[in-house]
Amino acid sequence: MREGVGTSHPNIAFIKYWGKKCEEENIPMNGSVSQTLGRMCTETSVVHTEDDVQDDLISYGESEPTKVDLKASRVIKYFREITGDRKALVIRTKSNFPACCGLASSASGISALVLALDDFYRTRLPRELLSSVARMGSASAARSLHSGIVHMQSTHGEHVGEWEELRIFAVVVSSAQKRVGSTEGMRCTSRTSSLFQKRQEGVEKRLERILEAIREKRFREFALIVMQDSNEMHACCADSFPPIFYMNDRSRDIVEKIHELNSDEVIAAYTFDAGPNGFVVTLEPHYERVRRAFADHGFSVIEAL
Ligand code: 2P0
């Protein structure tokens, strides 16, 4: 039986995408910059079903299949339209990190699915188009079609460089599913937050500044921008009505610990997506010290880059 396979990774945004210019096409309101996290991985395989009734999604470790969600079905629909093959599919997926808790699982899952479908249907689409197709499912997934540092302006991601010394780990403080999904959260923020309107005035400028700091490997400036952008996104969430709180008290402990570590010299940054778990970004020479500051104090740490 024919099988398609795809492997992909999550990414962490240094400049966050929050809000949509066009919901139908899933076009982000603002540009974003991310790093693809090579040590965290999702593997997906696709086959036709025997009974051809409906698409099924089987996640590793779960005994029962589930129906594919809206994000995955938009991507599947695209491949069906260009190939004319409308037979139902079984999609199997497994990740080496917890899903559904703000560890960018949809970016990894959707990008792995796009690669598996491209392999399954033998479509061999160019990378830029694969990135655009991933965006239709989940905009952050468009960035995971590339390795290294990725800039997404509006429709697709582009590889813009590598920073070999950069090291990143996730700090898991909760494995509970987030209460407000990011699509819903963005909708609420863009409708109700005046701080979000203000964010739009400065975010592209900040994005240019971080790209320059990355090019010139200026860690201090880079780290400050990463923390400020995460703080601003979460402030916009808190300014939404009703307010959205992704971070919890343990997340704030991560923030405090980083500021403590940075008291003499900026050696690390935190950043949070739509969930309470944090990502810590540092450089190779500081990695062990920064990691231990968390691992030795009861935090669960996952190596990401
Ligand atoms: C990001 N996030 O840039 C931002 C920061 C979460 C916080 O992209 O609606 O799952 O599927 O396009 O990609 C998460 O949003 O949203 C996200 P959709 P997605 O990584």
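The values are calculated or read from the model by the stated rules, or taken from the named source; none is laboratory data. All figures in this text were calculated on a predicted structure; none of them were measured in a lab. Here the Cβ is made from the backbone with ideal geometry for all residues, glycine too, and neighbour counts use every protein chain on show.
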query = So, of the residues in segment 114-126 that are under 24 Å from G31 (Cα atoms) and in contact with a strand residue (DSSP E or B) (Cβ under 9 Å, 6 or more places away or on another chain), which turns out to be nearest to the ligand (Cβ to nearest atom)?
reply = V114
ask   = If a residue has to be away from the ligand (no atom under 11 Å from the Cβ) and surrounded by fewer than 22 Cβ atoms within 10 Å (Cβ to Cβ) to count, how many in segment 132-166 make the cut?
value = 17
query = For S63, are the conditions met, namely being part of a loop (DSSP other than H, G, I, E, B), free of Cβ contacts under 8 Å to residues at least 24 places away in the same chain and either of a type in the set (S, T, N, Q) or surrounded by 15 or more Cβ atoms within 10 Å (Cβ to Cβ) (or both)?
reply = yes
task = State all residues of segment 1-37 that are under 28 Å from E165 (Cα atoms) and either surrounded by fewer than 22 Cβ atoms within 10 Å (Cβ to Cβ) or more than 14 Å from the ligand (Cβ to nearest atom) (or both); if no residue qualifies, say none.
result = G6, T7, N30, G31
message = With the requirement that a residue be in a loop (DSSP other than H, G, I, E, B), out of contact with any Gly (no Cβ under 6 Å at 6 or more places or on another chain) and either within 13 Å of the ligand (Cβ to nearest atom) or β-branched (V, I, T) (or both), what does segment 170-188 give you?
response = V173, V180, G181
inquiry  = When you check M40 against the structure, is it buried (at least 18 other Cβ atoms within 10 Å of the Cβ), touching a residue at least 12 places away in the same chain (Cβ under 8 Å) and either part of a loop (DSSP other than H, G, I, E, B) or away from the ligand (no atom under 15 Å from the Cβ) (or both), yes or no?
reply    = yes
query = Here is a list of conditions, (1) at pLDDT 95 or above; (2) more than 17 Å from the chain's Cα centre (by Cα), and H9 meets all of them except one; can you say which number that is?
reply = (2)
remark   = How many residues of segment 138-164 are outside any loop (DSSP other than H, G, I, E, B), within 24 Å of K77 (Cα to Cα) and touching a Leu at 6+ places or on another chain (Cβ under 7 Å)? The answer is 1
query = Looking at S111, is it assigned to a helix (DSSP H, G or I), within 16 Å of the ligand (Cβ to nearest atom) and closer than 30 Å to V255 by Cβ?
reply = yes
key: Residue among R191, R135, R167, R199 that alone is under 18 Å from the mean Cα position of the chain (by Cα), of a type outside the set (A, V, I, L, M, F, W, C) and in a helix (DSSP H, G or I)   = R135
ask   = Can you tell me which residues in segment 70-87 are in contact with a strand residue (DSSP E or B) (Cβ under 9 Å, 6 or more places away or on another chain) and either surrounded by 15 or more Cβ atoms within 10 Å (Cβ to Cβ) or in a helix (DSSP H, G or I) (or both)?
value = A72, S73, I76
